[in-house]
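The values are calculated or read from the model by the stated rules, or taken from the named source; none is laboratory data. Just so you know, these numbers come straight off a predicted model, no measurement behind them. As a convention, Cβ positions derive from the backbone with ideal geometry for all residues, glycine included, and neighbour counts pool all protein chains shown. Areas reflect the complete protein model, heavy atoms only, side chains present, ligands, DNA and RNA absent. Shrake-Rupley method; radii C 1.70, N 1.55, O 1.52, S 1.80 Å.
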Amino acid sequence: MAAHEKFSFKSLAELQERIATLGVDVSLSCDLAALHRPVKVGQLIAPNSIAVLPMEGCDSEPDGSPSELVERRYLRFAGGGAGLLWWEANAVVPEGRANPLQMMMTEANVDRFAALLVKTNAAAAAAMGADHRPVNVLQLTHSGRYSSSPAHTAAPLIPQHDPILDPRVGVKREDPVVSDEYLDGLVEKYVASALLAKKAGFDGVDIKACHRYLLSELLASHTREGKYGGSFENRSRLLLDIISAVRAAVGEDFIVACRFNVFDAHPYPYGFGSAKDDMWTFDETEPLRLVELMIERGANLLSNSGGNPYYIYPQVTRPFDLSSTGIPVPDEHQLESIERLFSFTKKIQKVAGDVPVVGNGYSWLRQFQGHAGAANIEAGNCAFMGLGRSSFAYPDAPKDLLTKGEMDTKKVCIACSKCTQIMRDHGRTGCVVRDAKIYGPLYKEYRAAAEERALSANK
Ligand SMILES: Cc1cc2nc3c(=O)[nH]c(=O)nc-3n(C[C@H](O)[C@H](O)[C@H](O)COP(=O)(O)O)c2cc1C
Ligand code: SF4
């Protein structure tokens, strides 16, 4: 492992030199043509190979409907010209919300989502031409261990006990795990949310199973008893049953996606995709089998992720330069973290065949992210380059890459973790650096409030 290093590369050649010195498998292409490729997703065609990854702002209305800030975010994303908009986490049940302002579509507010989709599709067409219509997929979630109460206090619903993670969310040894009956009942909740999403005009839904939320942690629930724990068949049962049920309910002309953790970087028997004797070694057996099973059940769009953004190794999910509070400096170079994410995508895409996979881990590469995306798409390692923090900082990046062939260095995400910090401080988030007018003051306000809370807790 090489030392963590702040990004300072001024040219593609400089970055290429560091990649060579480190010996990491990260390719950069000078030719960005691959980003223009239309991609078949289910029965639809995304107009190019750039995707906006799900990026939640924790800023919906209390009833889960889009607020002004949500509308602003998606108009910016859509106007940025990406071929696929993967909309952020939307809770399927109120007790599964990660924060009191998490998106949550219901019968009562579905029309507000429908109206927003009309506006975002119009914004995309206005920016990229009348024929440009992005594919819109909504992420459906249950936050499990990271669920919160309406007062923003932890209200964890855990599928298994975990001696490392339990104390961090106040779970005691004697607290119960969620029952099989509760989990059985979630199938119809996902189906109901998927049908609402279809009614609103989305093109598909994602059955989210990443970042150690409920379905992600279930995949790792080796110590759970009963039909949802222990064997791989049991641990993957709920995810696969939900995919089957949603596919049956929505029909063949709707996308059923899954964004899932291929690697938790968490020790056995509490992690998924980590080798039994070393949590940092990837064991591909179960993740790759899961890909085959999800596709058999009807999934037709995938995105891999990894790690647990709430724990001390967020670099597994999002390589960064500066960390949020309580996060140690990683003992690996960001390019090594990126290599890991790219290697997962490549393996998943190989098994997925014609089913497109959205790759991630690009934002740290700044103005060179398109070069990495084009190289991966060209090599068949993924169908889409997915942009997370980059989309907060620089929503027009896809348009600039597609029309100018370059990105503006003054607009790129600098991987400072301030948007994550706002989330941890219970605030409404966005880019503190590049969208500073709105998020600069919010960042300061939430930091001060969080410090105040910490002080009173220690009194
Ligand atoms: C503020 C913030 C919000 C996020 N929200 C979501 C989300 O709703 N769903 C999800 O799957 N990932 C979410 N992510 C993870 C991103 O989609 C992405 O995987 C990660 O940031 C790595 O990509 P990047 O390097 O391009 O940022 C979020 C990340 C951040 C920093
Ligand atoms: S606050 Fe802005 S610059 Fe910093 S990591 Fe988030 S998106 Fe990137």
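Please work out how much accessible surface residue 331 shows to a 1.4 Å probe, ignoring ligands, DNA and RNA, in Å² rounded to 10.
Rounded to the nearest 10, that gives 120 Å².
On average, how much accessible surface per residue is there in region 149-253, in Å², for a 1.4 Å probe, leaving out ligands, DNA and RNA?
Numbers: 4210 Å² over 105 residues.
Accessible area per residue, region 149-253: 40 Å².
Where the centroid of each part is defined by its Cα atoms, how far is region 241-284 from region 386-446 in Å?
When both Cα centres are located, 28 Å separates them.
With unit charges on the beta carbon (Lys/Arg positive, Asp/Glu negative), name the residue among 319, 338, 348 whose Cα is farthest towards the positive pole of the charge dipole of region 277-353.
Ranked along the dipole, the leading option is 348.
Take each complete run of DSSP H in the chain, measure how far its Cα atoms stretch along the helix's own axis, and keep only those covering 24 Å or more with mean Kyte-Doolittle hydropathy at least -1.0; list them. Each step should come with its number before you reach the end.
On the way: long enough: 110-128 (27 Å, 1.00); 180-200 (31 Å, 0.06); 334-352 (27 Å, -0.23); 436-458 (33 Å, -0.63).
Flagged H segments are 110-128, 180-200, 334-352, 436-458.
By average Cβ neighbour count within 10 Å, what is the ranking of 173-184, 296-307 from highest down? List each step's numbers first, then the result.
Details: 173-184: 13.1, 296-307: 24.3.
So the order, starting with the most tightly packed, is 296-307, 173-184.
Can you work out ³J(HN,Hα) from phi for every residue in region 26-43, in order, using Karplus 6.51 cos²θ - 1.76 cosθ + 1.60 and θ = phi - 60°, giving whole Hz and x for Gly and Pro?
Result, ordered by residue: 10, 9, 10, 10, 6, 9, 8, 4, 4, 5, 7, 5, x, 10, 7, 10, x, 9 Hz.
I'd like to check one number: the per residue accessible area of region 333-459, probe 1.4 Å, reported in Å² as a whole number. All intermediate terms of the calculation are to be shown ahead of the outcome.
Numbers: 4890 Å² over 127 residues.
Heavy-atom accessible area per residue stands at 39 Å².
Might you tell me the accessible area per residue for region 3-50, computed with a 1.4 Å probe and given in Å²?
55
Within the set 346/411; 227/276; 208/410; 347/410; 40/227; 410/444, which residue pairs have Cα atoms separated by over 31 Å?
Exceeds cut-off: 208/410; 347/410; 40/227.
Enumerate the amide H contacts of residue 432 below 5 Å, restricted to partners 5 or more residues apart or on another chain; note that Pro and chain-start residues carry no placed amide H.
HN-HN under 5 Å from residue 432: 419.
Expressed as a whole number of Å, what is the distance separating the alpha-carbon centroids of region 161-209 and region 345-384?
Answer, in whole Å: 28.
For residue 139, enumerate residues with amide H under 5 Å from its amide H, sequence gap 5+ or separate chain, H modeled in the peptide plane.
87, 88, 90, 206
Rank these residues by their accessible area, most exposed first, probe 1.4 Å: 141, 281.
Details: 141 0, 281 65 Å².
My answer, sorted largest first, is 281, 141.
Suppose the chain between residue 406 and residue 223 were pulled fully straight at 0.36 nm per residue; how much longer would it get relative to their current alpha carbon spacing? List each step's numbers first, then the result.
Working: separation 183, 0.36 × 183 = 65.88 nm, distance 4.92 nm.
In short, 61.0 nm is gained.
Once you charge only the Cβ atoms, +1 for Lys and Arg and -1 for Asp and Glu, what is the size of the charge dipole of the chain about its Cα centre, to the nearest 20 debye?
The dipole magnitude comes to about 940 debye.
Rounded to the nearest 500, what is the 222 nm mean residue ellipticity of the chain from helices alone, with -39500 (n - 2.57) per DSSP H run of 4+ residues and division by all residues?
Numbers: 14 runs with 171 residues, N = 459.
Rounded to the nearest 500, the figure is -11500 deg cm²/dmol.
Out of all DSSP beta bridges in the chain, what portion is antiparallel? Express it as a percent rounded to 5. Mind showing how you got there, number by number?
Values: 6 of 37 bridges.
Once the DSSP bridges in the chain are tallied, antiparallel ones form about 15 percent.
Using a probe of 1.4 angstrom, how much of the accessible area of the chain is carbon and sulfur, in percent? Write down the numbers at each step before the final one.
Numbers: 9270 of 17430 Å².
Solvent-exposed carbon and sulfur of the chain make up 53 percent of the total.
Placing +1 on the Cβ of each Lys and Arg and -1 on the Cβ of each Asp and Glu in the chain, which of 80, 239, 272 has its Cα farthest towards the positive end of the resulting dipole?
Going by the Cα projections, it comes out as 80.
Give, rounded to the nearest 20 debye, the magnitude of the charge dipole that region 122-256 has about its Cα centre when Lys and Arg contribute +1 at Cβ and Asp and Glu contribute -1 at Cβ.
On the way: 15 positive and 17 negative charges, 56 e Å.
Value, rounded to 20: 280 debye.
Toward the positive end of the charge dipole of the chain, about the Cα centre and with charges on Cβ (Lys, Arg +1; Asp, Glu -1), which of 219, 144, 439 goes farthest?
439
Compute the signed sum of charges (Lys and Arg +1, Asp and Glu -1) over the other residues within less than 13 Å, Cβ to Cβ, of residue 58. Present the calculation step by step, with values, prior to reporting the outcome.
Working: positive: 73, 97, 424, 428; negative: 56, 59, 61, 88, 425.
So the environment of residue 58 carries a net charge of -1.
Rounded if a/c is under 1.5, else prolate if a/b beats b/c, else oblate: with a ≥ b ≥ c from the C-alpha gyration tensor eigenvalues square-rooted, which is region 378-441?
oblate
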